[in-house]
Amino acid sequence: MKVLVATEKAFAPIAVGQIRTVTEAACYELELLENYNNISDLLAAVSDADALIVRSDLVTEEVLDAAKKLKIVVRAGAGYDNLDLNACNAHNVVAMNTPGQNSNAVAELAFTLMLYNARGGFTGISGSELRGKSIGIHGFGNVGKHIAEIAAGFGMDKYTFDPFVTEKDIKKYGVKVCNTKEELYSRCQYVSLHIPANDKTSKSIEYDLLKKMPQDAILVNTARKEVIDEVSLLKIFEERRDFRYLADVAPDCADILKEKYKGRFLFTEKKMGAQTEEANMNACLAAARQIVDFFKTGNEKYRVNK
Ligand code: NAD
């Protein structure tokens with residue numbers, strides 16, 4: 001049984017150690033393909049793999065065609081928009097994610113972005129505080145819940161919109177429920193995005209919504225750049241001098257923002273949300289255990305291509 005870990009951006013070594021411990025205990029062979037630049041390296045390595053662990057690496061029809069023995073692919077992370085689920089179905093490959101394993105890391109990054117921005121990028125100008133400000137949590141899943149907990153510590157006024165989570169579950173976190181996303185954006189100076197990228201949410205954060213945000217609006221995106229309609233984003237930047245955008249990785253229109261709206265945005269150079277040793281370790285351990293469990297007991301609890 002061969003488990004391939006294919007990561008264009010490698011996990012922390014200590015996290016790979018977690019995968020090794022679990023796979024060795026199960027007497028599986030482990031192969032690492034880290035920091036690869038060429039898809040041909042992945043196609044070659046996956047050809048005799050029974051299980052595959054990836055991060056944001058694309059698992060396409062081409063990869064699955066090359067993976068003749070593959071039975072399971074696990075995305076060590078929450079969002080699984082990098083897995084072609086139709087192709088997984090067609091190739092009889094079980095696709096899983098490892099939900100909740102990196103959510104605290106992502107929430108801490110969202111607050112890092114908010115605090116750095118609030119303090120004027122440490123340039124000596126007098127900034128502002130988070131205490132007493134309103135925060136809208138768009139999507140109340142694993143990351144959204146961590147945002148709520150941290151925001152409580154900062155004394156922020158918390159709201160959420162997530163039609164798939166019950167009011168009871170939301171209120172446990174001391175968060176007020178909005179019935180529409182329009183209500184959320186109208187109420188909150190800060191809006192932090194924690195929805196998945198899919199057919200329904202792609203480009204769903206658009207002009208009419210952003211226009212509703214109050215004075216000194218700040219949109220924080222540690223979800224996916226694909227959920228933002230960038231034509232709308234540019235229009236809002238043009239119309240509202242008070243609007244700011246803070247994001248984990250730059251949008252496609254970054255060059256225009258850099259040229260025209262300096263000082264009103266903040267992007268990480270590389271995707272940083274899940275980049276902590278703790279998050280890497282949690283996700284790696286979960287991925288390895290899920291694979292062993294799948295082969296030993298048939299457990300498909302975290303399957304996403306049902
Ligand atoms: P999750 O699945 O636990 O939560 C997503 C929440 O969004 C769910 O509660 C769901 O009900 C809600 N939702 C779905 N569609 C919605 C809609 N149309 N309107 C409102 N709510 C909606 O996922 P998570 O772990 O909280 O992560 C959220 C997203 O963040 C992931 O899908 C991923 O794209 C992104 N993410 C980014 C990083 C990073 O490195 N920056 C790391 C982890 C996750």
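Data table
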read-out	value
Subset of segment 258-272 [open to solvent by 100 Å² or more (accessible area, probe 1.4 Å) and within 17 Å of Arg119 (Cα to Cα)]	Lys262
Residue list for segment 183-201, filter: in contact (Cβ under 8 Å) with a residue 24 or more places away in the chain and in a loop (DSSP other than H, G, I, E, B)	Cys188, Gln189, His194, Ile195, Pro196, Ala197, Asn198, Thr201
Sole residue being at pLDDT 95 or above, of a type in the set (A, V, I, L, M), touching a Gly at 6+ places or on another chain (Cβ under 7 Å) and closer than 20 Å to Leu113 by Cβ, chosen from Ile236, Ile218, Ile195	Ile195
Answer from Glu226, Glu149, Glu182, Glu167 - the residue that is under 16 Å from Ala107 (Cβ atoms) and open to solvent by 70 Å² or more (accessible area, probe 1.4 Å)	Glu149
Matching residues, segment 61-111, being farther than 23 Å from Val227 by Cβ and in a loop (DSSP other than H, G, I, E, B)	Ala67, Lys68, Lys69, Leu70, Lys71, His91, Asn92, Val93
Breaking point among (1) open to solvent by less than 10 Å² (accessible area, probe 1.4 Å); (2) within 19 Å of the chain's Cα centre (by Cα); (3) not aliphatic (A, V, I, L, M), for Phe161	(1)
Members of segment 133-144 that are more than 8 Å from the ligand (Cβ to nearest atom) and open to solvent by 10 Å² or more (accessible area, probe 1.4 Å)	Lys133, Ser134
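The values are calculated or read from the model by the stated rules, or taken from the named source; none is laboratory data. Just so you know, these numbers come straight off a predicted model, no measurement behind them. Please note: Cβ atoms are built from the backbone with ideal geometry, for glycine as well, and neighbour counts cover all protein chains shown. Accessible surface areas use protein heavy atoms only, side chains included; no ligands, DNA or RNA. Shrake-Rupley method; radii C 1.70, N 1.55, O 1.52, S 1.80 Å.
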